[in-house]
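**Q** The structure under discussion is supplied below as structure tokens; questions concerning it will follow.
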Amino acid sequence: MRISWIVLPLMFLSVTGFAQAPTPEPVSDQETELGLAVYKQLRTKAEIIESSPLYDSLKPVTDAIARVAQSRYPHPFKFYLVHDAQPNAFATPGGNVYVVDSLLYFVKNTEQLAGTLCHEVSHTIHRDGVALLEKDKKIEEREVAAAILLGPTRAHIIAIALIGKLHSLGYSRDAESKADVTGSDICAEAGYNPWGLTWLFQDFQNAAVGEIPQLLSDHPANGTRIRTLEKHFQDHPSTFAKFSRDPKSASPFSVPKDAPVVFLRPQAKTDK
Ligand SMILES: [Zn+2]
């Protein structure tokens, strides 16, 4: 990875001057309740990055995507960096999207990153996370529907279940393809080449097993997903014909190697 020498002095500075994690949306319904429960769970595990220069690299992309996606969802989209060795991204009900720091090191270009994030906001728009919980036999459907009334303990249990599902093989292939398609519409409208997601699939096919982003390795049917996207692009030439399928046309994306991070500290039990 090529690193500008200009970033090196920054690494020795305190990171407090860098862009920060957003503040969670206040609870107003079932989805924000679930979203906040997941947020608190991740904060307890000290996985949420509070500040880092990585936010400065992420923000222009998330701002552009949120501007387009926001009209399709009633709660504000908020993007949090979390730490994990496995490159990944996942969205929870309520508008929070979690981007694993190692994904920023894995992607080669802005289009691959944008494609992943457009895909994730589409899961939120489609309410896929809520549907996932409702399918869980251990969590009664009425409990999910009544999450706001459950109080902190049960909401907390549901949050742990949801995190587990989002980290493992969660969504059906159909839900994945639908998120790909809606995501490609959002990316195209935001000005990001929607072929980026297919380039990520292809890079992943060539990657060493340990490097495969979990969000992709869960879904061996990437060929089907690519074909579904190609058909969508062909069927809507007025939107997609202007984008090149050649990865050489991409905008390279890189972040400072080993950028410093400050984690959000777990808060006292009385915290709401
Ligand atoms: Zn997905």
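The values are calculated or read from the model by the stated rules, or taken from the named source; none is laboratory data. What you are looking at is a predicted structure, and each value in this text was computed from that prediction instead of being measured. Note that each Cβ is placed from the backbone with ideal geometry, even for glycine, and that neighbours are counted across all protein chains shown. For accessibility, only protein heavy atoms count, side chains too; no ligands or nucleic acids. Shrake-Rupley method; radii C 1.70, N 1.55, O 1.52, S 1.80 Å.
**Q** Out of (1) within 16 Å of the ligand (Cβ to nearest atom); (2) crowded, with 19+ Cβ neighbours inside 10 Å, what's the single condition that is false for TYR80?
**A** Failed condition: (1).
**Q** Mind telling me which of the residues THR32, THR62 ends up being at pLDDT 90 or above and either over 23 Å from LEU103 (Cβ atoms) or of a type in the set (Gly, Ala, Ser) (or both)?
**A** THR32
**Q** Take the conditions of a type in the set (A, V, I, L, M) and either outside any helix (DSSP H, G or I) or modelled with pLDDT of 90 or more (or both) and apply them to LEU216. Does it pass?
**A** No: the conditions fail for LEU216.
**Q** Among (1) at pLDDT 90 or above; (2) of a type in the set (A, V, I, L, M, F, W, C); (3) within 15 Å of the chain's Cα centre (by Cα), which single condition is VAL68 missing?
**A** Condition (3) is where VAL68 drops out.
**Q** What tally of residues in the range 219-272 results from selecting those that are modelled with pLDDT under 95, open to solvent by 80 Å² or more (accessible area, probe 1.4 Å) and either within 28 Å of LEU54 (Cα to Cα) or in a loop (DSSP other than H, G, I, E, B) (or both)?
**A** 8
**Q** Can I ask one more? Confirm whether GLY35 is open to solvent by less than 40 Å² (accessible area, probe 1.4 Å) and in a loop (DSSP other than H, G, I, E, B).
**A** Taking the combined requirement at face value, the residue does not satisfy it.
**Q** Considering only the range 100-133, state which residues are among the polar types (S, T, N, Q), in contact (Cβ under 8 Å) with a residue 40 or more places away in the chain and part of a helix (DSSP H, G or I).
**A** Passing the criteria: THR110, GLN112, THR116, SER122, THR124.
**Q** Restricting the search to the range 104-135, which residues are more than 13 Å from the ligand (Cβ to nearest atom), open to solvent by less than 10 Å² (accessible area, probe 1.4 Å) and of a type in the set (A, V, I, L, M, F, W, C)?
**A** LEU104, VAL107, LEU113, ALA114, LEU133
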